[in-house]
1. What whole number of Å gives the distance from the Cα centroid of region A:770-829 to the Cα centroid of region B:97-117?
2. What relative contact order, as a whole-number percentage, does chain A give when Cα pairs under 8 Å and 6 or more residues apart are counted?
3. Compute the Rg/Rh shape ratio of chain A: radius of gyration over Kirkwood radius, all on alpha-carbon atoms.
4. Evaluate peptide A:53-60: per residue, the Cβ atoms of other protein chains within 10 Å of its Cβ; return the mean as an integer.
5. Regarding region A:339-413, what's the average projected area of the Cα-atom convex hull, expressed in nm²?
6. Could you work out the local net charge near A:Phe7, counting Lys and Arg as +1, Asp and Glu as -1, over the other residues with Cβ closer than 11 Å to its Cβ?
7. Express in Å², to the nearest 10, the accessible area of A:Trp773 obtained by rolling a 1.4 Å probe over the protein heavy atoms while all chains stay in place.
8. In the protein assembly as shown, if the dipole is taken from +1 on Lys/Arg beta carbons and -1 on Asp/Glu beta carbons about the Cα centre, which of A:Pro633, B:Thr64, A:Ser684 is farthest to the positive end?
Amino acid sequence: MFTARTFTINGQQYDVAIEDGETLLDVLRDRLHLTGTKKGCDSGDCGACTVLIDGEPLNSCLLLASTVEDRSITTIEGLARNGELTPLQKSFVAEGGLQCGYCTPGMVLSATALLERNPDPSADEIKDALAGNLCRCTGYTGILRAVERCKNYLEGGQCAKPRGVEPSGVGASIPRIDAADKVTGRALYTADISLPYMVHGKILGSPIAHGLVKRIDVSKAKALPGVLAVLTGADVTDTKHGVSPARYDEDVLAKDKVRHIGDPVAAVAAVDEKTAERALKLIEVEYERLPVLTDAMEAIKEGAPLIHEKYKSNICTTVDFNFGDVETAFKESHYVREETFVGNNVFQSPLEPHASISTWSHDGNLTLYTSTQVPPYVQYMMAHLLHIPLGKIRVIRPAVGGGFGTKAATTPLDICSALLSRACGRPVKMVYSREEMFQYGRGRHKQHMKIKLGVDREGKIKAVKSEVHLDGGAYTSFGVATAYYAGSMIPTLYKIPNYRYDGYRVMTNKPACGAMRGHGVPQPRFAFECLLSMAADDLGIDPIEIRRRNAMTPNTMTVNDLDIGSCEFSATLDAVAGKSAWKDKYGKLPKGKGIGIGCGGFVSGAGYCIYRGQVQLSHEKGREPFQKKSIFPHANAVVRVTEDGEAAVLMIGAAEIGQGSDTVLVQMCAQSLGIPASRMRMQSADSEISPLDLGAYSSRVTFMAGHAVSRAGAMVLEKMKPYAAALLGCAASEVEARDGTVFVRGDASRSVLWAEVARKCFNADGPLVGTGWYKPPEGLGGDYKGATVGTSPAYSFGSSVCEVSVDLETGKVKIDKFTDYHDCGTPINPQGVHGQVEGAIVMGAGETVMEGVAFGDDGQLLNPNLHGYLIMTIKDAPEIFSGVVDSYEPRGPFGAKEIGEGSTLPVLGAVAHAIANATGVWIKDLPITPEKIVNAIRQKKAADAARRERRDEPVTAK
Amino acid sequence: MHIPSIEVHKAATLAEASALLGRFSPDVRLLAGGTDVLVDLKTARFSVGHLVALGGIKKLRGVTEERDGLRIGALTTITELDRSPLVAGAYAALRDATSRMATPQVRNAATVGGNVAGAVPCADLPPILIAMNATALLSSDKGERTVALEDLVVGPRTTVLRDNELLAAVNVPRPPERFGAAYARFGLREANAIAVAGVAVALALNDDRTVRSARIALCAVAPAPKFVKEATRLLVGRVLDERACAQAAALAMEAAEPISDLRGSAEYRRELVGTLTRRALAAAQQRIGR
Ligand SMILES: Cc1cc2nc3c(=O)[nH]c(=O)nc-3n(C[C@H](O)[C@H](O)[C@H](O)COP(=O)(O)OP(=O)(O)OC[C@H]3O[C@@H](n4cnc5c(N)ncnc54)[C@H](O)[C@@H]3O)c2cc1C
Ligand code: FES
Ligand code: FES
């Protein structure tokens, strides 16, 4: 029943007919199109939906709109007046208070309410006030800084006005180019978009974790008024999909079998989401239950039921690396220790849920709006599944609210929205609920790791051997690459002369795991770092010193044929040791206080892309034999100067997902063009406009897309040089450009405006356009099976020192402080670098102490929400110091490498070591919960007492 | 998930609310701050055709100082209680609960009535209210009655409230001289973490520092807030030395009936109860001063 209601929102009256059960959030977004208010969880846990009600922050997802008619409602759209940002919004922009921006409207509103009440809050008061707003990107550091420094942006404050022409090129910490849109709620994410005549889709997921689909009856759903299309496995293609071409094992909709809770069984399109949800309930499915496997170590046992017939022993990939002679080296080692570690199934939990909108043209072209990190892979997979050429598919990537790897593949939403849209002839929008996000998964593999280390008397590594079982869930997804990565990256950080790795990627009846930040490496890295610190303690060598003795050096070929170029790993060790006052603290802290070290690094882009052939449909042509080179460029850019020469439009399909790629790419392109970044516009969202860039994964964008955009900019400048030379009366080779001026090298007084030269170019030659592309170097990697995984044009390095306090009675850990130094090459945008590090530290620390998807024996997810699956709040986040060491990577653009994923790797080991240092017990299975700590302390006490008793006995006997 | 079709009735008075409850029972729920009700409706924990919204009943809102203590209207939000200048002195122990539960946004909506009468086992206010000897004022169109807070909740999401009865207010008696209370809770995050376990303690001492009265109540370790009656008997008349505190902690651990779930095993919870009891006793004692 609809009732006409009147709301006062941002001082304006809105009349709208709504049902009694509608939340304020849905009314704002769906009925009034005030989409600045975000839906992150729909259950009060995340704060993305925060609005001010009579000046106080509330969750609009927990308010029935029908009960707030008489209240004054402020949404993010209502803060800026006449286009002028509030001081707080300016502060968020300038201080790096946001990345993906999905938490930002809520964050800004909560902080606005605080400052209204308390204009000069302390750090603790700010944290208290923002404790209900989760952020997955920033580590809260920039946010805290933004609120603390808001005063500076008040009228007349020290930063109120921009100071002259600020440097904006490479190396400048310019604010993100999308920041203003994100603090005002103008940035459009996929779920914010609404197309005319659009309808809504929902997927029916399996309620059981393993079973056969015996019968599906959709007649009742079809008969429900408002339902436009219902699809089941029988209605869709038999073509399977996935990530690794050799292991496409996912059905669009279940054909005969379901393999995890939430496995897609049917899809419905209806006039609105609520009707679609009702329709799902009317679909009758009969299942025959099969035994459920939730534990990888059980799944590989003989006689375990097979989840896929084709994967014997439920193993879809086996890796066997064997370099040198580990067994002999262990025999020759002075000290050998072997330990077993277990990781956790961590889920990325970006604040923005996955979302897709599909719409077809009359001539059979698909436009897909999708929240993705990898537009070209989505385009490719959609072509594969729809059996149409890639050229008929346009992928638009609106603003993306974080990914961290769960948006690195084609989702059921992409596929089903396209199929439903084709079936009903209308645009179809589909958005995951928070629970569905967990059921879709693609989080971190839970790895069971047995790892053995041998060192000589000085602590120099002689050999490392590891055996890892990766619990990957019901489908392969990225699993092949994950299993290789888990082994291939260990030898990049320390010199390991003999190395053996056996990896097994195991299927279980859980949502598929994928490529989460640091892809496959963080858990083995955690295990290795813990083991190295244990060895150091056993040998009486300082844990930082043992790392120095083994540290990778520049221009080294690792034992597994990875070509390390620049490497300032040792410098990061020295820097963290100094900055954290390590020597004064390690081993000298009171009980309950601890300090620990962890190190790590990552690739700057994968040397080879997932599809090694041409950009084409995989079924058009057989797979080509592998060649050690990329067939097509991985990053491609076009830059077009506007006809008046005042602006340049950069076009590249590089996926901005919150990490800040649009901003650094603009900076690099502007630098090579010779204009300020403020004169650049970015077009990275639309495959129809921007040429292919593979996307935001393997920390590749700054490096690879950076090359493409700088080359495109350089080409434009080359085209301008003859015209400039004519105007300046010099040779073309003497022309330089900077900050919008073109001048004679060595004599800046002979100059002409950049725009004037650009106009001359246009007048004479038409469009002034430059193109650039990047292919990784040829020949990367060795000649063994799996040698391509881990190859990269450059590697990052980093060291982190973590300090903790542990309540020894309850086991509660407070991560107090992090000191981190990275070798990320030469930073393009230092603020962006620190933002990545801060975010990675908080995500990684949370992963170490509190995160993990839990499953019942029946495969049910026990915590598919943000009150069961805990991520750190601003009050949990440590104080962070992030620094970079001097470094220049000759193969990188402007000397840059990567920071996005490498920043995660040192964190887990550092936290675990600090906890061990504080408590005297090593916890080797993640997450390190208070309960595990208490139990371990108790066990240690009992063991110590027993040992003392044993030692005492002979004494008394004598 | 969207909330299925539902009708919201806005009550202007207590009597009207009671009448509406009576009329639609059992297909009805009260709606106060909605922080539990909306989540429950969306996740289909229950479904009803009608909600009776209390927001319009002004009389139910606010904290007032009465002759015999503090009266907290059921519709008072957690934030209002937290910020009330009347929550001062010995009453300030209430803030141990109000300042640490949920999030600022949730506290701005959530009401005292919802927290208490919602009868969720991990609700943070009931234990400290029980320790402070609070009573619940229940109201229906047939009249009012008062029950001790420890007798209000009988199980998970079940109370002694009758079909058309609602909680109108919570009364916290004026604390005697030399009184101190504290609530110690343990959550898995620094903020917005449901209590894994909590222990509330209220103490009054005689001039010779022997215990005149002591009340201990537990959170999240039993189907309902758990009043540890035996602790009163144990402590009254004694000096609160380490041994007495340890014995009280042991009693509390014994009284707990924890379950194992995602947040912690039963054994761990029981252990927490011991630790938290000692800490709450120490904090309450410290608040009494010398
Ligand atoms: C993100 C989040 C975090 C939370 N964290 C905590 C926490 O840390 N600690 C904690 O204790 N709680 C927590 N909660 C639960 C909840 O916020 C509180 O229990 C809150 O106080 C409930 O009050 P309400 O007004 O919102 O109740 P409502 O949702 O409106 O109602 C809850 C129940 O109480 C009944 N009810 C309400 N008022 C009355 C009345 N006057 N008489 C009789 N029955 C009534 C309703 O019918 C319903 O059954 C959290 C909730 C969320 C969403
Ligand atoms: S959407 Fe409302 S709190 Fe997450
Ligand atoms: S910026 Fe906070 S969630 Fe992305």
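The values are calculated or read from the model by the stated rules, or taken from the named source; none is laboratory data. It should be emphasised that the depicted structure is a prediction, and the values quoted were computed from it without experimental measurement. In this analysis, Cβ positions are derived from the backbone assuming ideal geometry, glycine residues included, and neighbour counts consider all displayed protein chains. In case anyone asks, the SASA skips ligands and DNA or RNA and just uses the protein heavy atoms, side chains included. Shrake-Rupley method; radii C 1.70, N 1.55, O 1.52, S 1.80 Å.
1. 41
2. Numbers: 2493 pairs, mean separation 129.3, N = 958.
Dividing the mean separation by the residue count of chain A yields 13 percent.
3. Working: Rg = 28.1 Å, Rh = 29.0 Å.
Over the Cα atoms of chain A, Rg/Rh equals 0.97.
4. Values: counts 3, 1, 0, 7, 8, 12, 9, 1.
Taking all residues of A:53-60 together, the mean is 5.
5. Values: hull surface 25.7 nm².
Taking a quarter of the hull surface, the average projection is 6.4 nm².
6. On the way: positive: A:Arg5, A:Arg31, A:Arg71; negative: A:Asp15, A:Glu69, A:Asp70.
So the surrounding residues net to 0.
7. Probe radius 1.4 Å; accessible area of A:Trp773 about 130 Å².
8. B:Thr64
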